[in-house]
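Following: one structure in structure tokens, then a few remarks.
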Amino acid sequence: MFKITSSLVFGILATSLIACSTPTNQPTGESGQSDVSTSADSLLPGHAELAGVCSLAIADYIDMVFQKDKTRFDTLFLGQQFDFVSLELPDTIRGVQIRLLKAEEIERNKTVYGPASPFINFIGFWEQGTVDFVFVAFYPGFAHQFDAYLGYTYRPETKQFELTQSRIEVLVRNKEGKADHFAVYENGRHTGNKPVEGDKK
């Protein structure tokens, strides 16, 4: 199981922040499948293999947000972690720029975070043939907007990882601006609501 974690200085969320990339600017191929390799080898321990799994997840994240509301990202801002130092990370995924920010740069760049350029907390978990990712988007500044969940399962017959979970939970606020509930979207369609747990901010 992998879990790369850190606590942001601003107390936004204790998370893992991982980034990697693919070269195409299209949301999906004609078949609707991601054009990123989903080889089982990409889950073997090691920096290159971890980068491959991240590439697939980020590419699918870009696709699912576009499917929900046609948002096209210009840039995804990710926190710079010590794990990135030894990873060879391309500059783009699906034609979207990936900016790895050091801790001191996160606050400095908060005025540019927006729908097309959110700050992302990216969390990953791997265990027994499955890998799960959570993307937490913030903008403007550090205002929490939505969470995306992607889960993959290894299929021995194809030696590929298949996307088996895909949903987005959009934070809905009341008239006072406080968190009221999450609107849940699956396959681009609203499927229900979910209560907000903990303090409402």
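The values are calculated or read from the model by the stated rules, or taken from the named source; none is laboratory data. The model shown is predicted, which means the values in this text are computed figures rather than measured ones. Methodologically, a virtual Cβ is constructed for each residue, glycine included, from the backbone with ideal geometry; neighbour enumeration extends over all protein chains shown.
Just to be sure I understand the filter: pairs with C-beta atoms under 8 Å, separated by 6 or more residues or on different chains, first member in region 103-114 and within 16 Å of residue 73 (Cα to Cα), second member of a type outside the set (Asp, Glu) and in a loop (DSSP other than H, G, I, E, B). Which pairs pass? Every condition considered, the pairs that remain are 113/139; 113/140; 113/141; 113/142; 114/139; 114/140.
Output the residue which, of all residues in region 35-53 that are in contact with a strand residue (DSSP E or B) (Cβ under 7 Å, 6 or more places away or on another chain) and part of a helix (DSSP H, G or I), is modelled with the highest pLDDT.
53
The lone criterion from (1) surrounded by 21 or more Cβ atoms within 10 Å (Cβ to Cβ); (2) at pLDDT 90 or above; (3) more than 19 Å from residue 152 (Cβ to Cβ) left unmet by residue 64 is number (3).
The set of residues from region 115-130 being crowded, with 17+ Cβ neighbours inside 10 Å and either within 13 Å of the chain's Cα centre (by Cα) or without any contact (Cβ under 8 Å) to a residue 60 or more places away in the chain (or both) comprises 117, 118, 119, 120, 121, 122, 123, 124.
Listed here are the residues, each with its yes/no results for (1) in a strand (DSSP E or B); (2) under 26 Å from residue 127 (Cβ atoms); (3) under 19 Å from the mean Cα position of the chain (by Cα).
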{"site": "152", "(1), (2), (3)": "yes, yes, yes"}
{"site": "158", "(1), (2), (3)": "no, yes, no"}
{"site": "165", "(1), (2), (3)": "yes, yes, yes"}
{"site": "168", "(1), (2), (3)": "yes, yes, yes"}
{"site": "176", "(1), (2), (3)": "no, no, no"}
{"site": "180", "(1), (2), (3)": "yes, no, no"}
{"site": "197", "(1), (2), (3)": "no, yes, no"}
